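J.: Structure below; questions to follow.
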Amino acid sequence: MSPPSHGGSRPGAGRPSSEPTQRLRVPESQVPTVLAYLDAYRQGNSLDTPRPLSLLPSTVAITAFSSRVPAGLPSAADDDVADVVDLNQHLIIAGHEPSTFIVRVSGWSMIGAGIFDGDEVLVDRALKPRQGDIVVAIVNGELSIKRLGQVDGKIALLPENAHFKPIVFKEGETLELWGVVTRCLRQLR
């Protein structure tokens, strides 16, 4: 009798023999969250939660260079200082300071838009939401961050992660668009 032509051990295949596996049961409602978490973990995204920002307004002068830094081939360093930048003026639309807030994101439904669990986003409540904007919304009394769009001609909140379904509004459900996301702040170190 000849050996089977498939299966069996192959060098480098499968899980490490020293690492046991375990079956895990997850409530169906949490499957998208667990899958999104695992996707983000496999992509190497930081899962650490950044420290909270101070609630006191401040002005911080940071030196801005006039040259751009290539993300491709390196070039010679350029010491041309263009200006000193106040982060409040740089990040917030002029006149919208009282209506701009920092909100901490929880969950993985917006990873396709580059917004990860634990990121902080700037939300401007003075901007009128438009189709395609990423918004913070109150859906049936609960906060959510999604892209404003449509499904079959109905207003919908669209996730940027294939493991999550769009939120399409039906009769009796409530939607309040709380604000428009203008920036994502991520701690890299």
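J.: Condition (residue is touching a helix residue (DSSP H, G or I) at 6+ places or on another chain (Cβ under 8 Å), of a type in the set (Asp, Glu), at pLDDT 95 or above and open to solvent by less than 80 Å² (accessible area, probe 1.4 Å)) applied to the stretch 126-144: is it met by at least one residue? Steps first, answer last, please.
T.: Our first condition is that a residue be touching a helix residue (DSSP H, G or I) at 6+ places or on another chain (Cβ under 8 Å); within the stretch 126-144, this holds for 126, 134.
Imposing the further condition that a residue be of a type in the set (Asp, Glu) reduces the set to none.
Checked against the condition, which is being touching a helix residue (DSSP H, G or I) at 6+ places or on another chain (Cβ under 8 Å), of a type in the set (Asp, Glu), at pLDDT 95 or above and open to solvent by less than 80 Å² (accessible area, probe 1.4 Å), the stretch 126-144 yields no hits at all.
J.: Where residues in the stretch 96-117 are in contact with a Ser or Thr (Cβ under 8 Å, 6 or more places away or on another chain) and hydrophobic (A, V, I, L, M, F, W, C), which of them is farthest from Cys184 (Cα to Cα)?
T.: Taking the candidates together, the pick is Trp108.
J.: Being part of a strand (DSSP E or B) and not hydrophobic (A, V, I, L, M, F, W, C) is the filter here; which residues of the stretch 121-144 pass it?
T.: Asp124, Glu142, Ser144
J.: Go through the stretch 145-189 and give me each residue that's in a strand (DSSP E or B) and either basic (Lys, Arg) or in contact with a helix residue (DSSP H, G or I) (Cβ under 6 Å, 6 or more places away or on another chain) (or both).
T.: Correct list: Lys146, Arg147, Lys154, Arg183.
J.: For the stretch 152-189, which residues satisfy the criterion of being open to solvent by 40 Å² or more (accessible area, probe 1.4 Å), over 23 Å from Thr100 (Cα atoms) and over 18 Å from the mean Cα position of the chain (by Cα)?
T.: Result: Asp152, Gly153, Lys154, Ile155, Val168, Lys170, Glu171, Gly172, Glu173, Thr174.
J.: Considering each of Ile134, Ile138 in turn, give the residue that is touching a residue at least 12 places away in the same chain (Cβ under 8 Å), within 23 Å of Ile93 (Cβ to Cβ) and touching a Lys or Arg at 6+ places or on another chain (Cβ under 7 Å).
T.: Ile134
J.: For the stretch 100-113, does any single residue satisfy the condition of being open to solvent by less than 40 Å² (accessible area, probe 1.4 Å), farther than 26 Å from Leu38 by Cα and among the polar types (S, T, N, Q)?
T.: Yes - at least one qualifying residue is present in the stretch 100-113.
J.: Another question, if that's okay. Between a residue in the stretch 85-111 that is under 18 Å from Lys128 (Cβ atoms) and of a type in the set (A, V, I, L, M, F, W, C) and any residue that is at pLDDT 90 or above and assigned to a helix (DSSP H, G or I), which pairs come within a Cβ distance under 8 Å, given they are 6 or more apart or on different chains?
T.: From residues that are under 18 Å from Lys128 (Cβ atoms) and of a type in the set (A, V, I, L, M, F, W, C), there are no pairs.
The values are calculated or read from the model by the stated rules, or taken from the named source; none is laboratory data. Since the structure is predicted, the reported quantities are computational estimates derived from the model, not experimental observations. Ideal geometry is used to build each Cβ from the backbone, glycine not excepted, and the neighbour counts take in all protein chains shown. Protein only, heavy atoms only, side chains kept; ligands, DNA and RNA dropped before computing areas. Shrake-Rupley method; radii C 1.70, N 1.55, O 1.52, S 1.80 Å.
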